[in-house]
Structure formats: structure tokens, C-alpha cells
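The values are calculated or read from the model by the stated rules, or taken from the named source; none is laboratory data. As the structure is a computational prediction, the values presented were derived from the model and not from experiment. Cβ placement follows ideal geometry from the backbone for every residue including glycine, while neighbour counts extend to all protein chains displayed.
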Amino acid sequence: MIKIKKKQTEKNNLFSLFKQKNNSRSLLGDNAENLAEDFLVRKKFKLIQANFRTKMGEIDRIMLDSRTLVFVEVRYRKNSQVSPIESVDIFKQRKLIKTAKLFLLKYPQYEHYPCRFDVVGLKDLNFSSIIWVKDAFQLEE
């Protein structure tokens, strides 16, 4: 009995460490997304929805830039060989496009707006590290 409890405790500790690591990563991601949102709001963007989730994926921020609907992907990469912008590869782009199409189906009031995909990359959690790529990629038609 004692050995079982010890193993369970070890498992719980490992799970707890894993959970803490994921929570801290999630908090960093949330902070990066909020910083990117603040950056775009200062550029006169209006937030439509944060963290639009579907089975296909998630769009970090959906915003209006004047009369253009902007799907924003936020990437935070502090210590990486790949830049935050480069990390949005063709596979991620396709997921974002499919998720954006689902957003437009769910909210038909936006279906006639011109749309674009922006990427906001951060290497640190401050405004000076923000790299904003407007119209980062296009719909494949």
C-alpha cells in the first residue's frame, strides 16, 4: 500500500509540474495576446472577439481596422531559432483560414467585409519587441 501511494504521489507531482508548465506557458501566451491587442487598439482597431475557438483551431483576435475585418495571429517566441513571424507556416495559415471561414458562417453580418490576416510577433513582452505584419498571407482561392 505504501508503495502505491508513493507512486501515485510521484505521478501527481509530475502531473502538477506538467500542469504548472502549461499554465505558465498559457499565461505568457495570454499576456502576449493582450499586449498585441493593446498595440492594435492604439492603432485604432476595434476588438470584435478574442480567442475564437472551433474544432479547426483558434484565432487569437478578430478586429476591425476601419471597415476591414482582421484575423490576428499572435506569436510569442522568446528563445527560438525561428522568428515569431516565420512560425506561422503554411499549415497554420490553412488552419487560420478555415477557422476564419467558420467565423464568417457563424457571424454572417461580417461576410461582406473585406478580410485580411495579420500576424503580430513578440520576442519579449513589451511594445518595443512587437513586429506587426499587416496582410501577412492571403486566402487560397
>> Out of the strands (runs of 3 or more DSSP E) lying entirely within segment 41-133, which hold 1 or more residues that are among the small types (G, A, S) and on the phi < 0 side of the Ramachandran plot?
In response: 46-53, 115-122
> Could you list, in sequence order, the residues of segment 37-48 that are aliphatic (A, V, I, L, M) and either buried (at least 21 other Cβ atoms within 10 Å of the Cβ) or over 21 Å from K106 (Cβ atoms) (or both)?
Replying inline: L40, V41
> So which of N34, N79, N51 ends up being under 16 Å from G121 (Cβ atoms) and exposed (fewer than 13 other Cβ atoms within 10 Å of the Cβ)?
Replying inline: N79
>> If I ask for residues that are without any contact (Cβ under 8 Å) to a residue 12 or more places away in the chain and aromatic (F, W, Y), which ones from segment 90-138 would you list?
In response: F91, Y107
>> Could you check segment 99-141 and list, in sequence order, the residues that are of a type in the set (K, R), at pLDDT 95 or above and surrounded by 14 or more Cβ atoms within 10 Å (Cβ to Cβ)?
In response: K101, R116
>> So in segment 1-39, with the set limited to residues that are touching a Leu at 6+ places or on another chain (Cβ under 8 Å) and of a type outside the set (D, E), which one is modelled with the lowest pLDDT?
In response: L28
